[in-house]
1. Residue pairs, Cβ under 7 Å, 6 or more apart or interchain, first in region 232-259 and of a type in the set (A, V, I, L, M), second assigned to a loop (DSSP other than H, G, I, E, B). List them.
2. Here are some conditions: (1) modelled with pLDDT of 90 or more; (2) outside the structural domain of residue 264 (by TED's automatic domain parsing). Residue 143 meets all but one. Which one does it not meet?
3. Return the residues of region 217-235 that are small (Gly, Ala, Ser) and surrounded by 13 or more Cβ atoms within 10 Å (Cβ to Cβ); say none if nothing qualifies.
4. Within region 222-242, track down each residue that is hydrophobic (A, V, I, L, M, F, W, C) and within 18 Å of the chain's Cα centre (by Cα).
5. When the residues of region 91-107 are narrowed to those that are in contact with a helix residue (DSSP H, G or I) (Cβ under 8 Å, 6 or more places away or on another chain) and farther than 27 Å from residue 249 by Cα, which ends up surrounded by the most Cβ atoms within 10 Å (Cβ to Cβ)?
6. Scanning region 191-228 for residues that are polar (S, T, N, Q) and part of a loop (DSSP other than H, G, I, E, B), which turns out nearest to residue 137 (Cα to Cα)?
7. If you take the residues in region 120-150 that are out of contact with any Asp or Glu (no Cβ under 9 Å at 6 or more places or on another chain) and of a type in the set (Gly, Ala, Ser), which one is farthest from residue 227 (Cα to Cα)?
8. With the condition being closer than 30 Å to residue 222 by Cβ and over 18 Å from the mean Cα position of the chain (by Cα), I'd like the strands (runs of 3 or more DSSP E) fully within region 83-152 carrying at least 2 qualifying residues.
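The values are calculated or read from the model by the stated rules, or taken from the named source; none is laboratory data. The shown structure was predicted, so the numbers you read here are calculated from the model rather than taken from an experiment. Quick reminder, even Gly has a Cβ in these numbers, built from the backbone with ideal geometry, and neighbours come from all protein chains shown.
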Amino acid sequence: MAEGAFRNRLRSARRAADEIRQATRRGIKEADDRCRRAYGKLVQVARAMVKQTQAVVGTLEQVMPPKAQALATELSGLAPLVEQVICQTVRRVLKGEPVPADQKTVSLFEPHTDIIVRGREAKPVEFGHKVWLSEVEGGILSDYRILRGNPSDHDQWVPSLEQHCALFERPPDQASADRGVYSRKNETVAEEMGVRRAILPKPGHRSCERKQHENQAWFRRGRRYHQGIEGRISLVKRRFGLRKCLYHGEDGFERWVGWGIIAYDLRVIGIALAAR
């Protein structure tokens, strides 16, 4: 074992992180020399830790017990992710280069995590995955899709209609979505697929003709019904685990969401049967 292979660098990392935190609290931007120096120290600590990890892995690979081999495999998988984080930090902070979201690693233990920009003032950026839900009459969630990256809601309309047609062998009589899904193309596609009433409120400026269209009784009834979906989504998050995933890995994330949807649908079905 190389000398210093097991050196604990946690205190050095915390000290550098505290310097960064203090600088940002005082309004000093990342481009400022003081903050850049602190990031430089943190990068040096991270690089030293990667070298230590490589030395430890080399030693563990010579040990026969299965636990040692499992630990070596885990460390070998983490090291490239740490190197990627170091690279993106150097590019973004020390060199001032923009780093696209699809080239960033935001979690060492869940590297599949996406950066989600939702435009909310309280939480402008969130980390996780978008989950697209489709609901049919009676409150049953008939479809869910775990979206990759931060795609636009606008692009989810057609796949949802196609999935509905494939599942029920006919188009829905009425289909609705939020304002972010609206486009004349999406309305046209729905009409061509046989949807009798497509309820897609138009964001921003609306012409007099558009206002008349959205003021029709059937359109307003559909909007009122759709507003209830937000409450049901909140229930799925609070009561059925979709706010936070406790499984690991992409497969674990998909299982967690799937079981949550199944549990929610069973509750809805049980309440309906009990009411009869």
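1. Here the result reads 236/242; 257/242, each pair linking region 232-259 to a residue that is assigned to a loop (DSSP other than H, G, I, E, B).
2. Tallying (1) modelled with pLDDT of 90 or more; (2) outside the structural domain of residue 264 (by TED's automatic domain parsing), residue 143 fails exactly one: (2).
3. Our first condition is that a residue be small (Gly, Ala, Ser); within region 217-235, this holds for 217, 222, 228, 231, 234.
Matches in region 217-235: 222 only.
4. Of region 222-242, the ones hydrophobic (A, V, I, L, M, F, W, C) are 229, 233, 235-236, 240, 242.
Scanning region 222-242 gives 233, 236, 240, 242.
5. We begin by selecting, within region 91-107, every residue in contact with a helix residue (DSSP H, G or I) (Cβ under 8 Å, 6 or more places away or on another chain); these are 93-94, 97-99, 103-105.
Next, only the ones that are farther than 27 Å from residue 249 by Cα stay: 93-94, 97-98.
Working: 93: 20, 94: 15, 97: 10, 98: 7.
Across region 91-107, the extreme among qualifying residues is 93.
6. Just the residues of region 191-228 that are polar (S, T, N, Q), to begin with: 207, 212, 215-216, 227.
Next, from what is left, pick out any that are part of a loop (DSSP other than H, G, I, E, B): 207, 215-216.
Numbers: 207: 31, 215: 23, 216: 21 Å.
Within region 191-228, the match that is nearest to residue 137 (Cα to Cα) is 216.
7. Looking at residues that are out of contact with any Asp or Glu (no Cβ under 9 Å at 6 or more places or on another chain) and of a type in the set (Gly, Ala, Ser), I get 122.
8. Values: elements: 114-117, 125-128, 130-136, 140-147.
Once the strands (runs of 3 or more DSSP E) in region 83-152 are filtered for at least 2 residues that are closer than 30 Å to residue 222 by Cβ and over 18 Å from the mean Cα position of the chain (by Cα), what remains is 130-136, 140-147.
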